[in-house]
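Working notes, structure below.
Just so you know, all these numbers are worked out from the coordinates, no wet-lab data involved. Owing to the predicted nature of the structure, the values given are computational and were not obtained by experimental measurement. Please note: Cβ atoms are built from the backbone with ideal geometry, for glycine as well, and neighbour counts cover all protein chains shown.
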Amino acid sequence: MAFPTAQAPKSRRFRTFRSVSALMLREMVSSYGTSPGGYAWAILEPVAGIALLSAVFSLILRAPSLGTNFPYFYATGLLPFLFYMTISNLLAASIRYSKPFLAYPAVTFMDALLARFFLNALTHFLVMVIVMTGIIVLYQLNPILDWSAIMLAVAMLVSLTLGVGLLNCYLSTRFTLWARLWAVANRPMFILAGIFFIPENVPERFREYFMLNPLAHITSQMRKGFFATYDAVYVSPLYVFMISIILAIFGLLLLIRYHKDIALL
């Protein structure tokens, strides 16, 4: 008598989508659902920063480097910077944050990375739209937007954030001292990212070194999209994408090789 052979259990359909969605919902509750105001704080933080900077620098300078509106100028530099700093730091801690769930076979370290990136990227993009629209409406501005330049700046911003976040996810989890060293190294970035000025205002002998920072390229490219008269001649998207790809490849290779060891730390 022939007995039926046992069949291997079928894999769940859309397993990655289910895992990423569940992790996103969990982070939404833990990050925004338990604090008063919830998502409102994600919007109020950049608004308060832009308002404070505008008030201070309007007393020092007659006009910003581009245009005549301080909040509009600083928002185009501050919002991409906050996107990069916040999300790259969150990605660096994503494995530690989702460590209890990595014990389940259905959840991988890539699920944890993707969930944290998608949720926070969508949140920050929403903040960008709300803040920039609010400034335009409040000050009755009539800018000529170059959407192709803005989309290129967004692509550069996303690629650099992912690259830095993936590599730091390995380094900060593997080496506890790295997170502190990285935090110290990033403190001057608030100035070196070009939030307060444009590369054309930097003395020529220092400009070459200033443009080694990929964030300066992203800020200038973003302003090219919001200021019709700004050409951003020193921006090199290829430079930013190359750095981002190299960082992302090294980060992914290290995480693929050592993610099981990292989960045990």
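Worth pointing out:
- The chain: angle of helix 40-60 to the longest principal axis, Cα-based, in degrees nearest 10: 20 degrees
- Applying the Karplus relation 6.51 cos²θ - 1.76 cosθ + 1.60 with θ = phi - 60° to the stretch 146-155 yields 3J(HN,Hα) values of 9, 5, 5, 5, 5, 5, 5, 4, 5, 4 Hz, where x marks Gly and Pro.
- The packing ranking of peptides 219-225, 195-201, 114-120, highest mean first, is 219-225, 114-120, 195-201, where packing means the average number of other beta carbon atoms within 10 angstrom of each residue.
- Here's how it looks for ALA193: its modeled amide H is under 5 Å from none belonging to a residue 5 or more places away or on a different chain.
- A dipole drawn for the stretch 16-263 from +1 and -1 charges on Cβ atoms has a positive end, and of LEU113, VAL56, ALA193 the residue lying farthest that way is LEU113.
- Counted residue by residue at 0.36 nm each, then reduced by the alpha carbon distance between them, the extension gain from ILE191 to MET242 reaches 16.0 nm.
- Mean Cβ count within 10 Å, highest first, over the residues of peptides 209-218, 235-244: 209-218, 235-244
- Label point at ASN142 placed 7 Å out along Cα→Cβ; residues across the stretch 225-239 whose backbone nitrogen lies under 19 Å: 226-230
- Across the stretch 156-172, computed HN-Hα scalar couplings (Karplus, 6.51 cos²θ - 1.76 cosθ + 1.60, θ = phi - 60°) run 5, 5, 5, 5, 5, 4, 5, x, 5, x, 5, 5, 5, 4, 6, 5, 6 Hz from first to last residue, x flagging Gly and Pro.
- Rounded to whole Hz, the Karplus (6.51, -1.76, 1.60) HN-Hα couplings of the stretch 233-242, x for glycine and proline: 6, 8, 7, 10, x, 4, 4, 5, 5, 5
- Measuring r between the beta carbons of PHE206 and MET28 and using R0 = 51 Å, the FRET efficiency lands at 0.75.
- Between helix 15-28 and the chain: long-axis angle, C-alpha atoms, 0 to 90°, nearest 10: 50 degrees
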